[in-house]
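Asker: Encoded as structure tokens, here's the structure I'll be asking about.
The values are calculated or read from the model by the stated rules, or taken from the named source; none is laboratory data. As the structure is a prediction and not an experimental result, all values here were calculated from the model. All Cβ positions, glycine included, derive from the backbone under ideal geometry; neighbour counts span all protein chains shown. Note: accessible area is taken over every heavy atom of the protein model, side chains too, but ligands, DNA and RNA are not part of it. Shrake-Rupley method; radii C 1.70, N 1.55, O 1.52, S 1.80 Å.
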Amino acid sequence: MNKKILVVLFVATFMLASCSTISKLGIGGESVEEEMELQEIKAEPTEVSISENIFYRDELEKDPNEDWGMRVISGLEKQLIWSQMGGKLRFQTLPPNDLNVIFFNKDNDYEDVIVQAEVENFGPLDNAYSLICRANEHGWYEFRISSSGYYELLRFDQYKKDEGKNAYTSYTEKRLNSTLIKAGLDKNVFSLSCIDSTISTLVNGEQIYFEKRPLAMEDDTFSEGTIGFGILGYGESLDMTFNWVEAVKP
């Protein structure tokens, strides 16, 4: 009996000592959540939001030449056919169509602005729509999405173009895929935000992620300029529309 009591006392003493040691290590007493200050896992909030304060909006129902001027970056102008279809500005191209055409707004310059548009595809998927901000004689920022689900964020430098070099610098280094882009014949709303030195993007109301972070680049090359939109083709005939374009105050 005495041996059993001694064993019980020994075990009890050992457990008390262990609890004291654990307490000194900081394990126990408080919960793991309290000790490590764990937070609820939430989706990272979108860093760019679209206000309802619109600088400028074009429903593209009238002659685009009234407000926009065209510039052919590559390809031949005669490859492009444009028309208006049910309140949409329709672009079709003749093959071969390695074509990059941009339309710049004639009357409005902005420093901080979010330019966005609704686009729709009616033909081959090997294409791209582009949005432009802070365009001036020195260059601009450009965001592209394609009907096959790809995107790219770039800067255009006119001095490189004048030297016969590739004028585009890609922040993403190449075209990347995003599930935010509705592929095929669906509509997409995409946005390019130029606020201070931060250049960022949205597709269908959500910010694109690049390398596990929101796609937002710091670049102070251009501080102001006009807005623009455009189309690109990579070898197939195209059939695509811009349904509206607008410039929104951040």
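Asker: Tell me, what HN-Hα J-couplings in whole Hz come from the Karplus equation 6.51 cos²θ - 1.76 cosθ + 1.60 at θ = phi - 60° for each residue of region 162-175, using x for Gly and Pro?
Answerer: Karplus-based 3J(HN,Hα) across region 162-175 equals 5, 8, x, 9, 5, 7, 9, 10, 9, 6, 9, 6, 6, 6 Hz.
Asker: Taking a threshold of 32 Å on the Cα-Cα distance, which of the pairs K182/K249; K106/K161; K62/K174; K78/K187; K165/K249; K78/K165 fall above it?
Answerer: K62/K174; K165/K249
Asker: Follow-up question, since we're still on this one. If you average the alpha carbon positions of region 212-232 and of region 127-206, how far apart do those two centres end up, in angstrom?
Answerer: So the two Cα centres are separated by 7 Å.
Asker: For S83 paired with K249, estimate the spin-label separation in nm (one decimal), with each label point 7 Å from Cα along the Cα-to-Cβ line.
Answerer: 4.0 nm
Asker: Where only protein heavy atoms count, and the probe is 1.4 Å, what is the accessible area per residue for region 85-233 in Å²?
Answerer: 42 Å²
Asker: Between V72 and S223, what is the spin-label point distance in nm, taking each point 7 Å from the Cα along the Cα→C-beta axis?
Answerer: About 3.6 nm, to one decimal.
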